[in-house]
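Report on one structure; see the data block that follows.
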Amino acid sequence: MISPFSGRLLVTSRDGVSGSNSLQGVERLQFADLALAFDLEGAAGSVAKLIATVLGAPSLKDASLVGRYLKLSDQGMTPAQVASAMFESAEFAVQWGLRSDPSVARALFQNVFGHAASAADLAVLMPLIKQYGQSDLAVIGSGLALLTDQVDLVGYASFGLPYGV
């Protein structure tokens, strides 16, 4: 069991016999059946916000998906490159169709603002995609405070963002 306590993480064995450890400054914890990211002001936070922006906040519940993109980030991909990989993913195609400027615009708007884009909204977004590019616009969108509230980074920072290894 993991509990936040006074700026630290208290990790206690499930059997109640093996004891507990107090940890501070930990970015990741990996157990036999679970991996958790606590670096929500670093790579894990950036990836979590990108996933919410491109694929939707509910996608953060898929530890395997989170692990896939966290690994790309840890291997040195820039946030824009990670966003590009998300746009090329099967998950994006299932939700929004093949990658195109209109599908990206609809996805970004829906995932950041929480409702479908109107024709007027798309008329504003399409020139921005042309100017900045799909991936860079996703990175910009992932930095909006509106999205941070939807993602519950405070909760993930306290209890960890589950990811697959």
Does L125 count as aliphatic (A, V, I, L, M), under 16 Å from the mean Cα position of the chain (by Cα) and buried (at least 17 other Cβ atoms within 10 Å of the Cβ)?
-> no
Residue among S73, S46, S59 that is touching a residue at least 60 places away in the same chain (Cβ under 8 Å), under 15 Å from Y163 (Cβ atoms) and small (G, A, S) | S46
Residues in the range 139-165 that are in a helix (DSSP H, G or I), of a type in the set (A, V, I, L, M) and within 12 Å of the chain's Cα centre (by Cα) total 4
Result of the Cβ filter at 6 Å on the range 113-125, keeping first residues that are farther than 16 Å from G141 by Cβ and hydrophobic (A, V, I, L, M, F, W, C) and partners that are surrounded by fewer than 15 Cβ atoms within 10 Å (Cβ to Cβ) and modelled with pLDDT of 95 or more, at least 6 apart or interchain, is none
Of all residues making up the range 130-144, the number that are farther than 15 Å from M86 by Cα and among the small types (G, A, S) | 1
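The values are calculated or read from the model by the stated rules, or taken from the named source; none is laboratory data. Since this is a predicted model, take the numbers as computed values, not measurements. Positions of Cβ are generated from backbone atoms using ideal geometry, with glycine treated the same way; all protein chains shown enter the neighbour counts.
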